[in-house]
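Here's the structure, in structure tokens; my notes come after.
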Amino acid sequence: MLEIKELRAEIAGKEILKGINLSVGAGEVHAVMGPNGSGKSTLSAVLAGRDDYEVTGGEVVYQGKDLLDMDPEERAWEGVFLAFQYPVEIPGVSNLNFLKAAINCKREHLGQEPISAKEFLGMVKEKSKLVELDSKLANRAVNEGFSGGEKKRNEIFQMAMLEPSLSLLDETDSGLDIDALRIVANGVNTLKSSNTATVVVTHYQRLLDYIVPDYVHVLFDGRIVKTGGKELALELEEKGYDWIKNEQVEV
Amino acid sequence: MASVIENLVNIADKARRVSGLIPSDSLERLLANNVPSRFDEEWKYTNVGKVLKQDWTGQAVYDEANIERFLFNDFDGHLVVLVNGTLDLSLSSFSQEDGLTIKPLVEASQEELALKTVEIQQGLFIDLNGHGCSGGVFLHVDKGVKVSKPVHIINFLNGEGSMTQSRNIFVIESFGQCDVIETFCNESGDRTFRNSVADFVVKDGGQLQYDKVQQDGIAGHHVATERVHQSRDSRFGINSITLGGKFVRNNLEIVVEGENCHSELNGVYLLKGKQHVDNHTKVDHRKAHCTSSELYKGIIDDQSTGVFNGKVLVRENAQKIEAYQHNSNVLLSDFAAINAKPELEIYADDVKCSHGSTTGQLDEEALFYLRSRGISESLAKQILVRAFVSEVIEEIKNLYVKDKVAELIDKHFSV
Ligand SMILES: Nc1ncnc2c1ncn2[C@@H]1O[C@H](COP(=O)(O)OP(=O)(O)OP(=O)(O)O)[C@@H](O)[C@H]1O
Ligand SMILES: [Mg+2]
């Protein structure tokens, strides 16, 4: 589904991604871990099309198409979804109007009729239940005044509404208490299918107890330096990143 | 060769229908005015001379007033239509509700004209308007009367190259209450110049809400002066929405001459193309225990330019004043510009006042967030722009106006 080859990207003249190789197949869950500042959010943002970053090399093929050639909205229409590490507050824009606009833009792109009010509200009801998002929040301005946990739940609510093929979850677990974590993970798992793929960026093994990864990658200084199965996450939790850094030095 | 002002006076002379607005010796005063230049502090960023020097000898056209598109949907209220300043009874429909008087300004008596005790702002445009006034509306609300329905004035101009001096007078007697909406519009495409003056007198305990929608076409030029006089316990509110016109200068001055008053000034301006819109406001707190609140927001696109100059004056004995003023602007293009200057002038020591002005671009983070969800770039911008001005739009309580403005804002972006 997603094929990343030798991807390089920089911001403000500073190279952050230094040749990323990653291949994600349909139905798979990949976890990306790594120390602060190693480039995890940069990778997610580049995949979602943020233009602050300049891609200086490599390629990304998504469902047979050149992903890097698309505008952010086109990527969304093609099924890419990024759950932001820091969701943006947008005062004056209602959460629901925003989602409706998003759904209708995608439908227009696909040559479909706009969603009916009834269908939309039915969907809102069903999906907000999935992540136990208070219906009051759905009606408020996008993320405005939401608590950290509410923002993260709202990201997964949006994901549920938009039904993406490839979901990139950037530290969606950070700041969640154990109950919220279970709810969010449960939401993600419910949305998973053999046609979708999920990339979760996390610092914590505890999320991976709920969203069980097929692969765990360690991103370090702009490169994926180690890949393993779910046991790798346990090992990292126990031993930290130093041993990997040391391995790097030896190489 | 006649001077610019002499030319204007000659044109105004021919159009005069209302006399008694100015003293008989005023011609001298009028001719003594200078054309404002950028060396005048008040006109620093607005080159009105360029407008005044154009040829304004075109004929006003009175028949075939095409006002359909400026009407409100299912409007339940008093409709007053002015064509080139003259009240057109065939297009208007207002009943003489008990305690409410609406009539053409030409029919107002000398005593009625004398009710407008607001001689606060002077200068070329007011003198010219007084000299060559072609008409307008006189609206009077009796003591203790709450007018049940809103009054919608459509101030329509027709005639390529024509100039109109219209004057409206609004008098709200003690504890009277009224909502007035005025739409400024013209035959689209016509090059027109209007020099409008509105005088508002709100007596003790009176309440007047004035919603102003400026939607002249792309060749409309407008210098508007609003002079407001508030007595104790009164409330005056204005929502000033500027969506059209090539050149617009709004002069709003509110004199608060009584205790326990509230004044509220809100404005939205959405500029594109080569529009130039200048909002000058002044709140003059002369008495204690009053509040005023001002919020103007602008979106400036293409090569358009905006000016905001808001002054709050708190006089020496006006203690316990709470005055808030804020202006913020979003520039959508590298060629758009705004000159914003909020001013506080405070001579009392026990007051709460704040003011500020911000200018920026649309929030890039928010733009990316919306786009990452599949919202096209143009729609995402439109959503953010609407959100930016929504704070002011929310202040519009009249639903006819609110709906109309929402519709016009959407249209503004669809072309
Ligand atoms: N606008 C910017 N200008 C300069 N450097 C930046 C900018 N944005 C990010 N960086 C740098 O890029 C590097 C990678 O940041 P990134 O956010 O991708 O890390 P991360 O792996 O997601 O970290 P964390 O675990 O803390 O979320 C960091 O060193 C960061 O300081
Ligand atoms: Mg990060």
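Summary of values
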| read-out | value |
| --- | --- |
| Using alpha-carbon coordinates, inclination of helix A:148-162 to the longest axis of chain A, degrees | 70 |
| Among A:G64, A:G175, A:G222: highest mean-square fluctuation, GNM of chain A, C-alpha pairs under 10 Å | A:G64 |
| For segment B:1-20 versus segment B:320-343, the gap between their alpha-carbon centres in whole angstrom | 36 |
| Bins of 5 Å from zero: percent of alpha-carbon pairs in segment A:27-129 | 2, 9, 16, 19, 20, 15, 11, 5, 2, 0 |
| Qualifying chymotrypsin sites (Phe, Trp or Tyr not before Pro) for segment B:346-415 [loop in DSSP, other Cβ within 10 Å: at most 14] | B:Y347 |
| Spin-label zone in segment B:122-141 - amide nitrogen under 12 Å from a point set 7 Å from the Cα of B:Q54 along the C-beta vector | none |
| Potential lengthening between B:I346 and B:L408 on full extension [0.36 nm per residue; Cα-Cα distance subtracted] | 18.5 nm |
| Residue-level accessible surface for B:K282, protein heavy atoms, 1.4 Å, Å² | 60 |
| Amide proton proximity set for B:T164, modelled H, under 5 Å, gap of 5+ | B:F193, B:R194, B:N195 |
| Part-to-part distance (alpha-carbon centres) for segment A:186-251 and segment A:102-165, which is given in Å | 28 |
| Förster radius 35 Å - calculated FRET efficiency between B:E394 and B:L91, Cβ distance, rounded to 0.05 | 0.65 |
| Helix-only mean residue ellipticity at 222 nm for chain B, each DSSP H run of n ≥ 4 adding -39500 (n - 2.57), per residue, nearest 500 | -5500 deg cm²/dmol |
| 11 Å beta-carbon shell around A:G57, net charge (K/R +1, D/E -1) | -2 |
| Two-decimal ratio, segment B:2-258, of alpha-carbon radius of gyration to 2.2 N^0.38 Å | 0.96 |
| Cβ-based net charge around B:K274, under 12 Å, with every Lys or Arg adding one and every Asp or Glu removing one | 0 |
| Label-point gap, in nm, between B:L27 and B:E42 - each point 7 angstrom along Cα→Cβ | 2.4 |
| Fraction in percent of alpha-carbon pairs per bin - 20 Å, the protein assembly as shown | 17, 40, 26, 16, 2 |
| Label-point gap, in nm, between B:N10 and A:E15 - each point 7 angstrom along Cα→Cβ | 7.6 |
| Segment B:44-104, accessible surface, carbon-and-sulfur percent (1.4 angstrom probe) | 46 |
| Within a Gaussian network of chain B (alpha carbon springs, distance under 10 Å), most fluctuating of B:E343, B:E257, B:E64 | B:E64 |
| Extension gain (nm, one decimal) between B:I218 and B:A2, 0.36 nm per residue minus Cα-Cα | 74.8 nm |
| Under 28 Å from the Cα of A:K245 - lysines, other chains or at least 8 residues apart | A:K5, A:K14, A:K18, A:K40, A:K226, A:K230 |
| q = 0.20 Å⁻¹: log10 I(q)/I(0) that the Debye formula gives for segment B:362-415, counting C-alpha atoms only | -0.74 |
| Choice from A:A26, A:A185, A:A83 with maximal GNM fluctuation in chain A (Cα, 10 Å cutoff) | A:A26 |
| For chain A, the fraction of alpha-carbon pairs in successive 5 Å shells from zero, as % | 1, 6, 13, 17, 19, 17, 13, 8, 3, 1, 1, 0, 0 |
| Largest-first principal axis extents, alpha carbons of segment B:190-280, Å | 44, 21, 16 |
| Net lengthening on full extension, B:D302/B:E364 (0.36 nm per residue, minus Cα-Cα) | 20.5 nm |
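The values are calculated or read from the model by the stated rules, or taken from the named source; none is laboratory data. Everything numeric in this text was worked out from a predicted model, so none of it was measured. Heads up, the Cβs are rebuilt from the backbone with ideal geometry, glycines too, and the neighbour counts pull from every protein chain shown. The area values use the complete protein model at the heavy-atom level, side chains included, leaving out ligands, DNA and RNA. Shrake-Rupley method; radii C 1.70, N 1.55, O 1.52, S 1.80 Å.
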